[in-house]
Amino acid sequence: MATRSKTDTAGNGAGPARHRRFRNPFKAEPRNWIAEWTVTILILLFATTVLLQAFVVPSGSMENTLLIGDHLFVDKLAYSPYGAAGKHFLPYEDVHRGDVIVFRYPADITKDYVKRVIGVPGDHLRLKDGVLQLNGHAVSEPYVIQSRPGTYDEYRDNFPQGESHVMLYPGARQMLEHNQVNGEIVVPPGHYFAMGDNRENSEDSRYWGFVPRDNIMGKPVIIWWSFDAPTAELASGNIDLGHLADIAINFFSKTRWKRTFQPIRGYPLQ
């Protein structure tokens, strides 16, 4: 009578052992798959909430530096306060004159605005016939455009002189009352004066006052996509089906390809 070998009693020996050693990776590791996607999502959330923020330009107040429909990435760490240790590891910087910034609108902090810093704490400024006078001298601003040539407004073009023909927000009225010296605005500590590059068509610090330092969220660094869309589709922040259809139908024809990946730089004002 034949005897069974030890390998036979194990079912031909190597078979079950081999089966135990090489498991199906798609069946045995669902927890690893879930963990990997969880980490990926957390990293993306960290990047978009702490490091970068996407921003869409809804108005023409910064033309031609920024156009309606420009999609920006905003560096949220650029101006973050730093301690004794942090400054050695992260490239924090001060807010400078001429920087383009994204900030919470002082009159309604639920809205985000993008403008250019014209005055920093301690600066004296005014406009004379539309030309910026900064700390006693005229300043060249090559980025400024005239959207309505030939028009004149005493308050807008000779700020802070004259009466405004549009509503001034409480912040602007307080600024004119408490921060005007000898026909100039003096920027107080912890605040900044911001204006749009489309100087004749910009609701800015002339109309709602200073930007508190705590309101500044970061600086836009690059235009990652630019789509020629009307202001009304972007200003509310709610993208409707009509706008999505417009993108689907006209993506190639209405994308401003020359603006794709265009960096956004400040201009040194002295």
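Quick note: the coordinates plus some simple rules give every number you see, no bench work behind them. Everything numeric in this text was worked out from a predicted model, so none of it was measured.
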Query raised in the report: Could you give me the ³J(HN,Hα) list for the range 151-159, computed from phi with Karplus coefficients 6.51, -1.76, 1.60 and θ = phi - 60°, whole Hz, x at Gly and Pro?
Result: 8, 9, 9, 4, 6, 4, 8, 10, 4
Query raised in the report: Quick one: Cα centre-to-centre distance for the range 189-221 and the range 98-157, in angstrom?
Result: 8
Report summary line: Shape descriptors of the range 105-238 over alpha-carbon atoms, Rg and Dmax in angstrom, are 15.2, 45
